[in-house]
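**Q** Below you'll find the structure I mean.
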Amino acid sequence: MFVKVCGTTNESDALLAVALGADAIGFIFAPSPRQIAPVVAADIVRRLPPEVLTVGVFRDESAQRVCEIVHRVGLGAAQLHGHESAADTRQVRERVPVVLKAFSAGDPALARSAGYGADMVILDSPRPGSGEVFDWALVDGVPDGTRLVLAGGLDPDNVARAIETARPFGVDVATGVESSPGQKDATKMRAFIEAARQAGEQFVPPWDGGEQRARPDNPDQPYDWADEEG
């Protein structure tokens, strides 16, 4: 089970999330209580292990600006969390190793998400960052074969149930493991990651050693995010 801890604003939280087993660390560059400056994110990214996927979160930025920040900060991925078009998403994917495209639950565009060319699709609540849970049955609108990452109101108490219901490729959490906006809670992070791993073992084949991910283009082959860095 792929686990992404998002809304990271400081080095200690990022390192702790990695130590607890997070596969990806997200940095929000869009307006948000968890927004971080690219220069600060760059300092944190340099201290993270190369096998951890570092993700820049953007909302309605131009493709050029997204790519510029991703490369300046040294990130491994871009997450497009606004109303970006399929063409914009594909343009970013041409220049960024991994792209995640987010859709709100119930968005009609979700049915066309395969045409965006993203490596993963995030399904979030209609109000991203609100910590609100949506009806997980809405994952039925995700096209077959999509690497779905479930977000929106997940926490240590409901993540196992969410995984059992939606059977996603991964889960994404921010608010659910915080003590305050932008500040992570170590106990909640540990509980969330452990619960996600245990639930994921029931539905998704485990990855060798915890360091290899399934390839976005071929789920049967092991994938190391570091292969695409640089």
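Where a number appears in this text, it was derived from the coordinates with a stated rule and is not lab data. From a predicted model like this one, the values you see are computed outputs, not experimental measurements. Heads up, the Cβs are rebuilt from the backbone with ideal geometry, glycines too, and the neighbour counts pull from every protein chain shown.
**Q** What number, in percent, do you get for the relative contact order of the stretch 4-77 if the mean sequence gap of Cα pairs under 8 Å and at least 6 apart is divided by its residue count?
**A** 31
**Q** What is the sum of charges, Lys and Arg at +1 and Asp and Glu at -1, for the other residues whose Cβ falls under 14 Å from the Cβ of H83?
**A** Within the 14 Å Cβ shell, the charges total -3.
**Q** Could you work out how much longer the chain between E201 and S62 gets when fully extended? Use 0.36 nm per residue separation minus the Cα distance between them, nm to one decimal.
**A** Extra length from E201 to S62 when fully extended: 46.2 nm.
**Q** Here is a follow-up. What's the long-distance tail for the stretch 82-122, i.e. % of Cα pairs beyond 16 Å?
**A** 23
**Q** Rounding to the nearest 20 debye, state how big the charge dipole of the stretch 2-206 is about its Cα centre with +1 on each Lys and Arg Cβ and -1 on each Asp and Glu Cβ.
**A** For the stretch 2-206, the charge dipole is close to 400 debye.
**Q** Give, in nm to one decimal, the length gained when the segment between E11 and Q35 is fully stretched (0.36 nm per residue of separation minus the Cα-Cα distance).
**A** Taking E11 through Q35 to full extension adds about 7.2 nm, to one decimal.
**Q** Multiply the residue separation of S85 and S180 by 0.36 nm, subtract the distance between their alpha-carbon atoms, and state the gained length in nm to one decimal.
**A** 30.9 nm
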